[in-house]
1. Expressed as a rounded percentage, what relative contact order does region 46-188 have, with Cα pairs under 8 Å and six or more residues apart?
2. Taking N as the number of residues in region 46-188, what is its alpha-carbon radius of gyration divided by 2.2 N^0.38 Å?
3. Order by neighbour count: 26, 182, fewest other Cβ atoms within 10 Å first, most last.
C-alpha cells in the first residue's frame, strides 16, 4: 500500500508551468477588467492543445507514419494516437480502417509548457515570419497554426526531419467570443500579424 502511494506522489510534477502561473496570478484578472466581464469565471481559458498530423498518403507508406509518430512523441512528450478512416471513399482510394493520421492532446502543465515553446522558440525560427494569421480562429474561438514541416521544432535531430511532413496545432479555448480568445493568446505572447498585412 505504502509503495503505491509513493509512486503516485512522485508522478505529480513538482513545478508549475510559467504561463499557467502567469495566467492564474495576473492574466485572468487583467482579462476580466479589459473585456468588461462580470467575474473571473467568465474570462477566456485555454482548455487543451491538440497536435495532429494528417497523412492521407501514409496508407501506402508505413515509414511516414513512424516518422509522424516520432515527431509528435518528441515535441509533446506524449505517445500519439493513430487515427483511422471511418468511411471508405473510392475517389481518394481510401478504405475504412486505413491509417490516415496521428494526434495527441495536451492538457494542464504539458499544454502550457508546449505553448510556451511554440510561442518563444518555434515561431521565431520560421523563415520570413511576420506573425500568425488573425483569420485562423473558428466560430467558437479556437485557434489553429499549421506548420509545413517539422524541422522548426528544436527537439528533433536533423535525421528525424529528413522525411518532411506538416502538422497542425489547435488551441482549444473556452471563450464567449473570438475577440476574447484572441485577447487571451495575446496575453500569452502570441505574435499576431499586424492589420493590413
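1. 31 percent
2. 1.10
3. On the way: 26 11, 182 20.
With the fewest neighbours first, 26, 182 line up as 26, 182.
Each value in this text was obtained by applying a stated rule to the coordinates, not by laboratory testing. This one's a predicted model, so the numbers in the text were calculated from it and none came from an experiment. Neighbour counts are summed over all protein chains in view; Cβ atoms, including those assigned to glycine, are modelled from backbone coordinates with ideal geometry.
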